[in-house]
């Protein structure tokens, strides 16, 4: 398994990578703000810091996973790397 270079990616994959990076940065900034003692307060709901922190942690993990899948060419679940023996079992060639 090797990490793909940006030159190996198609245009749509590069756009998805950029979007994932932007989203990771946004949610990581929110986590950093909360860790530094900042609060998240909504006019209607009040202090929602705890919920926003949980949401931010989930989104960071999700977008990092998407980013890794793009870099390792796992974006198409039908094209997941598997060793020959496992591939034979899945395909029924045994």
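A few remarks follow.
- Hits in the range 37-57 (condition: assigned to a helix (DSSP H, G or I) and surrounded by 14 or more Cβ atoms within 10 Å (Cβ to Cβ)): 49, 52, 53, 55, 56, 57
- Test: residue in the range 82-93 that is under 21 Å from the mean Cα position of the chain (by Cα), assigned to a helix (DSSP H, G or I), surrounded by fewer than 15 Cβ atoms within 10 Å (Cβ to Cβ) and at pLDDT below 95: no
- Subset of the range 1-36 [loosely packed, with under 12 Cβ neighbours inside 10 Å, outside any helix (DSSP H, G or I) and either modelled with pLDDT of 95 or more or in contact with a helix residue (DSSP H, G or I) (Cβ under 6 Å, 6 or more places away or on another chain) (or both)]: 3, 36
The values are calculated or read from the model by the stated rules, or taken from the named source; none is laboratory data. Small disclaimer: the values here were computed from a predicted structure and weren't measured. Note that we place each Cβ from the backbone using ideal geometry, even for glycine, and neighbour counts take in every protein chain shown.
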